[in-house]
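The values are calculated or read from the model by the stated rules, or taken from the named source; none is laboratory data. These figures come from a predicted structure and were not determined experimentally. We place every Cβ from the backbone using ideal geometry, glycine too, and count neighbours over all the protein chains shown. What goes into the accessible areas is simple: the full protein's heavy atoms, side chains included, and nothing from ligands, DNA or RNA. Shrake-Rupley method; radii C 1.70, N 1.55, O 1.52, S 1.80 Å.
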Amino acid sequence: FRIPGFEDRSPLRVVLDTRLRLSVDSTLAQTAREIPTLVFTTAEGGGALTDLGVEVVRVARDARGRPDISACLNALAGRGVTRLLVEGGATVHAAFLDRGLADRLELFTAPIVLGAAGHGAIDALAALTLEEAPRFERITSRKLGVDLLESFAAKA
């Protein structure tokens with residue numbers, strides 16, 4: 001929601017949607033007039049979404065055909081966005097990590113094991129060796145009920 005007088009500092013929802021498949025019936029689209037929603041895509045179109053208040057921005061494709069993360073971040077910087085919370089899937093997380101664009105990680109773990117039935121938090125990275133892998137150091141650790149929240153900062 002928007003706090004009067006703080007509109008310029010209120011959250012902006014940002015969606016990466018390669019094929020522009022965001023449903024007009026989704027909560028994101030239906031509430032776009034109340035909570036600004038920006039969709040980065042590589043596809044043409046989006047008229048029905050823009051009619052609902054969603055801003056659709058077409059950007060260049062990366063090597064895998066997805067919206068280029070750097071192009072998205074440059075567009076956000078041009079709008080004055082200086083902080084970004086990434087709540088994506090494993091592929092989005094890997095894209096940020098591979099490009100060295102994550103300066104902090106917040107990892108939640110639970111005392112449960114799903115094995116192969118679970119979903120990975122991070123997709124395959126470009127790093128082929130331990131030396132190439134992104135490095136972070138734990139800065140805090142907090143129990144939340146039976147779960148654990150660990151915060152990590154990128155190593156310089």
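Report in % the part of the accessible area of the chain that belongs to carbon and sulfur, leaving out ligands and nucleic acids; probe 1.4 Å. It would help to have the intermediate numbers written out before the result.
Details: 5910 of 10830 Å².
Carbon plus sulfur share of accessible area: 55 percent.
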remark   = HN-Hα couplings for the stretch 124-129 via Karplus (6.51, -1.76, 1.60; θ = phi - 60°), in whole Hz with x for Gly/Pro, come out as 4, 9, 6, 4, 9, 10
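For the chain, what Kirkwood radius comes out of the mean inverse Cα-Cα distance, in Å?
It is 17.7 Å.
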query = Which whole-number value in Å² is the accessible area per residue of the chain, probe 1.4 Å?
reply = 69 Å²
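Taking N as the number of residues in the stretch 111-156, what is its Cα Rg relative to 2.2 N^0.38 Å?
Details: Rg = 13.8 Å, N = 46, 2.2 N^0.38 = 9.4 Å.
Compactness ratio reported: 1.47.
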query = How are the Cα pair distances of the stretch 73-120 distributed, in percent, across 10 Å bins from 0?
reply = 19, 45, 26, 9, 2
ask   = How are the C-alpha pair distances of the stretch 54-94 spread across 10 Å bins, as whole percents from the shortest bin up?
value = 24, 57, 18
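Filter the GluC sites (Glu not before Pro) in the stretch 78-156 to those in DSSP coil with at most 15 other Cβ atoms within 10 Å of their Cβ, and list the result.
Details: sites: GLU87, GLU106, GLU131, GLU132, GLU137, GLU150; in loops: GLU87.
Here the sparse-neighbourhood loop sites are GLU87.
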